[in-house]
Amino acid sequence: MTLFIKSILPYLNNSFIIFFFILTASSLFAQNGIIRGKVFNEINNEPIPFANVAIQGTATGTTTDLEGKFELTGLKHGLLNVQVSYLGFEPKLFTEIEVSGSRVVTLNIGLRETEKKIDEVVVQANPFQRLEESPVSVKSIGSNEIARYPGGNRDISRVIQSLPGVASTVSFRNDIIIRGGAPNENRFYVDDIEVPVINHFSTQGSSGGPVGIFNVDLIKGVDFYSGAFPANRGNALSSLLSFDFIEGRTDRWAGRFTIGASEVALSGEGPTFKNSSIVLSVRRSYLQFLFKVLGLPFLPTYNDFTLKHTVKFSNRSDLTVLGIGALDDFKLNFSSSETDDQKFLLEMLPVNEQWNYTVGVRYRYFTSNGTLVFVASRNHLFNRAFKYRNNDESDSENLLLDYSSAEIENKTRFEHTFRKKRFKVNYGVNYEAALYTNSTFNRISIADSVILIDYNSRMWFNKYGFFGQVSRAFFTERWSLSLGFRADGMDYSSETSNPFKQFSPRFSSSVAITDFMSWNFNTGLYYQLPPYTVLGYRDNNNTLVNKDNGVTYISCLHFVSGLTFNTKKNSQVSVEGFYKLYNNYPFLLRDSISLANLGGDFGVIGDEPAASVSEGRAYGVELFFQQKLFRGFYGIVSLTYVRSEFRDKNNLFIPTSWDNRALVSLTFGKKFNRNWEVGWRWRLLGGSPFTPVNVEQSSLVNVWNVNNMGLPDFGLLNTERSKVAHQLDFRVDKKYFFKKWNFNLYLDIQNGYNFVFNGPPNLVLERDADGNSQIENPTAPINEQRYRTKFIDNPLSQLIPSVGVVIEF
C-alpha cells in the first residue's frame, strides 16, 4: 500500500508549470571560472609537484607547484572534464565539474602509483575506477549526474535505479532491490561513517521509504557496490553505497536555495577557523499543506538536517565531523473520508512518528606509506505508531496497535591501509555497543481468531569483528589478485558469539587482456545480522523466542565474473554474470514465509517468531554501457535479467517478491549552447510476483475489525504476477551564470506518456448509501459473521510534472 503522494502528485506541480518559460538570454560574466586544488599521493597524502592538470578537449592546462597545488583561471562557465596525470602514477579524469562565478571549484586529487609504462606525451585518463579488491560490480556517480537525473526528484535512491541489477517497487518508495535481494540487505556509508537510515518514514527492519534524507547539493559522488565487497565493510548481502560529501569553502561563506517537487532546502558552507570549513543543510517538506488543501486522508511532514565539519591539521592528518538527522510526522486527515479509497486509508493507516540521527567523527593520519583511520559514531532510530478502531481514541478498548521502538548503536572502527612494494594491505578491528527497545501492544489475527501480542523488550548487544585484505599486482599490473577476510560476532547467543563461525573469505582477480579490456572475477561469503525486530522479539511471557529458535547470522555466497571494455571517449561497456546462494535467512513461523520476501512496504517487518532455516538463490546477467560527458553527450544503458527464488514452507523454490526478471534502463542527455540541457530516461520493470488476498479469512468481522485490510493467502505465496511496468521521464534544465550567483530552472516530468499501472487490488468493505458497512450473514454466530467486501483498483503510477528552482550564491 502506498501511503504517500499516490493521489496528490498528478496535481502537485500543475500550478507551477506556467512559470517554466523559455529563456534565451546569454549568461553574463561567463569567463571568470576558477578551479584550484592539490594533487597528492592517495596512499600517504604527500604532494605531487609538476603534475599536469588540463581541461579535456582544450589547450587549457597547468602544472602543480612544489606543494602539489594548482589553479586554472578564466574558465568558461558550465560543465568541464578535468584530466590529471604524472609519470609513475595512474592518470585520472574527473567528469562534469561545474564551473561558475559564484564559487571557486576545489579539487583535491589523489593519484595511485603504478608500474605501467605510460607514454610521456599521450596520456589516456580513465573516468572509471578499478579497485584491486573490487574489480567487478562497482559503479560511480558524480554530483551533477545525480542532480540532473530525469525523474530522480533529486533523490539518490532513485538515481541508482539506472544502474545494472537495480530494481525498485512500482510505487512512490525508495526501496533498493539489488540483484534479487531484499531491501534490508544494503548498507550505507558517508565519508567512511555508517548511516543506517537514508530515507524518511523508513520501514523498520528494512531500508526503504518514500523520500531520501540526503540533500543532493551536498553529495560529491557515490560509489555503488553490488558485489565484491571490501573486507573493511561488513553486514551487507546485496550492496554497499559509499557517499562522499563536499567539503566547505575556505575562502568565504556561500549558500544554495532550492525549491523542489516536495520540499524547500537551504544549505550553506564556509570557513570556520584556520584550515577548517563547515557545510550545513536544512530541508522541510510542504506537501502536508497541499495535502490538506486537496483533501487527502493523510498529512506527512518531514524535516532533515546535515552538518559536515572538516579540519585539516596538516598534510599528515585531518578530522571530519558528520551529523545527519531526520524528523518525520504522519497524521490522518479525518475531514477527507468520502471515497472508498479514502475510507480504506483512514481505517487502515496508523498515526506514525519517527526520527533518527547519525553523528560521527573520522580521524585520518597519513604515514610515509599508508593511512591510519579511526571512526567513532552513534546512530539512533525512534519509531512510534498507534491505531484505534474507527480512529476512536476515547475508549481504550478500541486500541489495536501501540508500538514504540528504538535502535541505538555506538560504533568504533580502526583500520590501517598501506602499500609496500607491489602489495596493498588493509586490516583493522571494529566494536559496537547497541541497545534495542520495543514496547508492543498489537491485536493480530491468526487464521480466523484474534490474539493479543503484548510485551516489552530491552536488550544490549556487543558486536565485534576484525578484517584484513591483501592485494598484489603482477606482470606490470596486467594481472591483480586480492585475498581478504573478515570475522564478526555478537553476544546474542552461542550461535552468534564465536566470530570464526562467521568467517567471511573473499577473493578477486583481474586480468588486463588489452590496454582497454579486462576480465574480472570475484567470489565471497558474506554475513549479515537479522534486523533487531527479529532478534528482540518476545512473547507475552517475556520469552526471547527467536533466541530459543536459534536465530543466527544470514549468509550469502557470491560468484561474479565479467568483461569490461573502456573506450577512448569516456565510455565503458561491461557484461557480468552473478550467482548468489542464501542460507540461514529468518523464516517467519506465524505466516510460513521467508523474511526475504518482505521490506517493500511501510511499517515494521520481522517482529514475530522466526527460525534461521530459509534458503534461497538469485542469479542473472547484466549488460551495462555508460557514456560520461563527452562533446556534450552522456548516457547509460542498463539491461539485466535476474531470477530470485526462496524455498517455501513445502521446501520448494518459488519466486520471491523481487523476481522481476527483466530490468531495462535507458538514460541519455545532451548539453546545448547557452547552458541548456535535456535528458530523458525510459525504464522497464518486469512484472513482480505477489500473493493474492484471502478473502474468506479477511472478511470475517472479528478479523477485519483488527486488520482493516485484506490479508495475504500465504498458502498461495507469490502465485500471481503483476504486469510489466514502464515509463518515460523527461527533464529540461536552463542555467544562468552571473558574477556572484547562479540560477537553475528545471522542468521534470515523470511518466511522460502516463502509463497506467495498477498494483495488487485492495480489498475494501462494501457500504450502503450512508457509508455503513454491511454484514452478509448477520444471523450467524459472531465468530462466523462476514462483511461484504469488494476489490478496488490500486493505481501506482501517474504523470507527475514538477518545476524546480536552484539559486546558488
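Under 8 Å between Cβ atoms, which residue pairs at least 6 apart in sequence (or on different chains) link something in region 68-83 that is open to solvent by 20 Å² or more (accessible area, probe 1.4 Å) with a partner that is not in a strand (DSSP E or B) and not polar (S, T, N, Q)?
Final answer for the pair search is Lys76/Ala30; Gln83/Pro91; Gln83/Val123; Gln83/Ala125.
Given the condition at pLDDT below 90, open to solvent by 10 Å² or more (accessible area, probe 1.4 Å), polar (S, T, N, Q) and closer than 21 Å to Asn379 by Cα, answer yes or no: does some residue in region 136-151 qualify?
For region 136-151, residues at pLDDT below 90, open to solvent by 10 Å² or more (accessible area, probe 1.4 Å), polar (S, T, N, Q) and closer than 21 Å to Asn379 by Cα: absent.
Checking Pro230 against (1) at pLDDT below 95; (2) crowded, with 22+ Cβ neighbours inside 10 Å; (3) more than 30 Å from Val351 (Cα to Cα), which test does it fail?
The failed condition is (1).
Check region 796-805 and report whether any residue there is touching a residue at least 60 places away in the same chain (Cβ under 8 Å), within 26 Å of the chain's Cα centre (by Cα), assigned to a strand (DSSP E or B) and more than 30 Å from Phe257 (Cβ to Cβ).
The answer is no; no qualifying residue exists.
State yes or no: is Leu581 open to solvent by 20 Å² or more (accessible area, probe 1.4 Å) and closer than 30 Å to Arg384 by Cβ? Please lay out each step first, then the result.
Values: open to solvent by 20 Å² or more (accessible area, probe 1.4 Å): yes; closer than 30 Å to Arg384 by Cβ: no.
The answer is no for Leu581.
Of the residues in region 508-538, how many are over 26 Å from the mean Cα position of the chain (by Cα) and closer than 30 Å to Ser574 by Cβ?
Initial filter on region 508-538 (over 26 Å from the mean Cα position of the chain (by Cα)): 509-519, 537-538.
Right, trim to closer than 30 Å to Ser574 by Cβ and you get 509-519.
Counting residues in region 508-538 that are over 26 Å from the mean Cα position of the chain (by Cα) and closer than 30 Å to Ser574 by Cβ gives 11.
Which of the strands (runs of 3 or more DSSP E) contained wholly in region 203-276 include at least 1 residues that are closer than 29 Å to Glu407 by Cβ and in contact with a helix residue (DSSP H, G or I) (Cβ under 8 Å, 6 or more places away or on another chain)?
Details: elements: 219-225, 239-245, 254-259, 263-271.
It comes to 219-225, 239-245, 263-271.
Given the residues Leu663, Leu652, Leu629, which is the only one that is of a type in the set (A, V, I, L, M) and open to solvent by 20 Å² or more (accessible area, probe 1.4 Å)? Break it down into steps so the answer makes sense when it comes.
Details: Leu663 fails: open to solvent by 20 Å² or more (accessible area, probe 1.4 Å); Leu629 fails: open to solvent by 20 Å² or more (accessible area, probe 1.4 Å).
After applying the criteria, what remains is Leu652.
Outside any strand (DSSP E or B) and not hydrophobic (A, V, I, L, M, F, W, C), is that true of Thr496?
Against the criterion (outside any strand (DSSP E or B) and not hydrophobic (A, V, I, L, M, F, W, C)), Thr496 qualifies.
Working only within region 84-107, note down all residues that are within 26 Å of the chain's Cα centre (by Cα) and either open to solvent by less than 20 Å² (accessible area, probe 1.4 Å) or not acidic (Asp, Glu) (or both).
Across region 84-107, the qualifying residues are Leu93, Phe94, Thr95, Glu96, Ile97, Leu107.
Would it be correct to say that Ser281 is of a type in the set (Ser, Thr, Tyr), touching a residue at least 12 places away in the same chain (Cβ under 8 Å) and in contact with a helix residue (DSSP H, G or I) (Cβ under 8 Å, 6 or more places away or on another chain)?
Yes, satisfied.
Under the condition of being out of contact with any Phe, Trp or Tyr (no Cβ under 9 Å at 6 or more places or on another chain) and not in a loop (DSSP other than H, G, I, E, B), which residue from region 502-531 is surrounded by the fewest Cβ atoms within 10 Å (Cβ to Cβ)?
Looking at the filtered set, the residue picked out is Trp519.
Being within 26 Å of the chain's Cα centre (by Cα) and not basic (Lys, Arg) is the filter; apply it to region 471-489 and report the residue that is farthest from Val551 (Cα to Cα).
Taking the candidates together, the pick is Gly484.
How many residues are of a type in the set (A, V, I, L, M, F, W, C), in contact (Cβ under 8 Å) with a residue 60 or more places away in the chain and either within 19 Å of Ser508 (Cβ to Cβ) or open to solvent by 20 Å² or more (accessible area, probe 1.4 Å) (or both) if we restrict to region 460-480?
Within region 460-480, residues that are of a type in the set (A, V, I, L, M, F, W, C), in contact (Cβ under 8 Å) with a residue 60 or more places away in the chain and either within 19 Å of Ser508 (Cβ to Cβ) or open to solvent by 20 Å² or more (accessible area, probe 1.4 Å) (or both) number 2.
Would you point out which residue out of Asn758, Asn751 is touching an Asp or Glu at 6+ places or on another chain (Cβ under 8 Å), at pLDDT below 95, open to solvent by less than 10 Å² (accessible area, probe 1.4 Å) and not small (Gly, Ala, Ser)? Please lay out each step first, then the result.
Details: Asn758 fails: open to solvent by less than 10 Å² (accessible area, probe 1.4 Å).
Going through Asn758, Asn751 in turn, just one is touching an Asp or Glu at 6+ places or on another chain (Cβ under 8 Å), at pLDDT below 95, open to solvent by less than 10 Å² (accessible area, probe 1.4 Å) and not small (Gly, Ala, Ser): Asn751.
Within region 383-400, how many residues turn out to be within 19 Å of Leu452 (Cβ to Cβ), out of contact with any Asp or Glu (no Cβ under 7 Å at 6 or more places or on another chain) and open to solvent by 40 Å² or more (accessible area, probe 1.4 Å)?
Residues flagged as within 19 Å of Leu452 (Cβ to Cβ), out of contact with any Asp or Glu (no Cβ under 7 Å at 6 or more places or on another chain) and open to solvent by 40 Å² or more (accessible area, probe 1.4 Å) within region 383-400 amount to 8.
Okay, residues lined up against (1) in contact with a Lys or Arg (Cβ under 9 Å, 6 or more places away or on another chain); (2) among the small types (Gly, Ala, Ser); (3) farther than 19 Å from Tyr492 by Cβ; (4) in contact (Cβ under 8 Å) with a residue 60 or more places away in the chain:
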residue	(1), (2), (3), (4)
Leu401	yes, no, yes, no
Ser404	yes, yes, yes, no
Lys411	yes, no, no, yes
Phe418	yes, no, yes, yes
Arg422	yes, no, yes, yes
Val425	yes, no, yes, no
Gly428	yes, yes, yes, yes
Tyr436	yes, no, no, yes
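All but one of (1) touching a helix residue (DSSP H, G or I) at 6+ places or on another chain (Cβ under 9 Å); (2) open to solvent by 50 Å² or more (accessible area, probe 1.4 Å) hold for Asn438; state the number of the condition that does not hold.
Here Asn438 meets the rest and fails (2).
So, Leu598, is that one crowded, with 21+ Cβ neighbours inside 10 Å, touching a strand residue (DSSP E or B) at 6+ places or on another chain (Cβ under 9 Å), without any contact (Cβ under 8 Å) to a residue 40 or more places away in the chain and farther than 18 Å from Asn235 by Cα or not? Spell out the reasoning first.
Working: crowded, with 21+ Cβ neighbours inside 10 Å: yes; touching a strand residue (DSSP E or B) at 6+ places or on another chain (Cβ under 9 Å): yes; without any contact (Cβ under 8 Å) to a residue 40 or more places away in the chain: no; farther than 18 Å from Asn235 by Cα: yes.
No; evaluated as a whole, the condition is false for this residue.
If you check Val450 against the conditions, is it within 30 Å of Asn702 (Cβ to Cβ) and either open to solvent by 30 Å² or more (accessible area, probe 1.4 Å) or at pLDDT below 95 (or both)?
Against the criterion (within 30 Å of Asn702 (Cβ to Cβ) and either open to solvent by 30 Å² or more (accessible area, probe 1.4 Å) or at pLDDT below 95 (or both)), Val450 qualifies.
For Leu319, indicate whether it is over 23 Å from the mean Cα position of the chain (by Cα), aliphatic (A, V, I, L, M) and open to solvent by 40 Å² or more (accessible area, probe 1.4 Å).
yes
One line per residue, one yes/no per condition, for (1) of a type in the set (S, T, N, Q); (2) closer than 21 Å to Ile408 by Cβ:
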| residue | (1), (2) |
| --- | --- |
| Ser314 | yes, no |
| Lys331 | no, no |
| Ser336 | yes, no |
| Pro350 | no, no |
| Gln354 | yes, yes |
| Tyr357 | no, yes |
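Would region 457-476 turn up any residue that is over 30 Å from Ala611 (Cβ atoms), hydrophobic (A, V, I, L, M, F, W, C) and part of a loop (DSSP other than H, G, I, E, B)?
Yes, region 457-476 has at least one match.
How many residues are part of a strand (DSSP E or B) and open to solvent by less than 10 Å² (accessible area, probe 1.4 Å) if we restrict to region 192-202? I'd like the intermediate steps shown before the answer.
Just the residues of region 192-202 that are part of a strand (DSSP E or B), to begin with: 193-194, 199-200.
Applying the additional criterion that residues be open to solvent by less than 10 Å² (accessible area, probe 1.4 Å) yields 193, 199-200.
Matching residues across region 192-202 total 3.
Using the structure shown, decide if Asn186 is closer than 28 Å to Pro655 by Cα, open to solvent by less than 10 Å² (accessible area, probe 1.4 Å) and either touching a helix residue (DSSP H, G or I) at 6+ places or on another chain (Cβ under 9 Å) or small (Gly, Ala, Ser) (or both).
no
The values are calculated or read from the model by the stated rules, or taken from the named source; none is laboratory data. Because the structure is predicted, anything quoted here is derived from the model rather than measured. Cβ sites come from the backbone with ideal geometry, for glycine too, and all protein chains shown count toward neighbours. Surface areas here come from the heavy atoms of the whole protein model, side chains and all, with no ligands, DNA or RNA. Shrake-Rupley method; radii C 1.70, N 1.55, O 1.52, S 1.80 Å.
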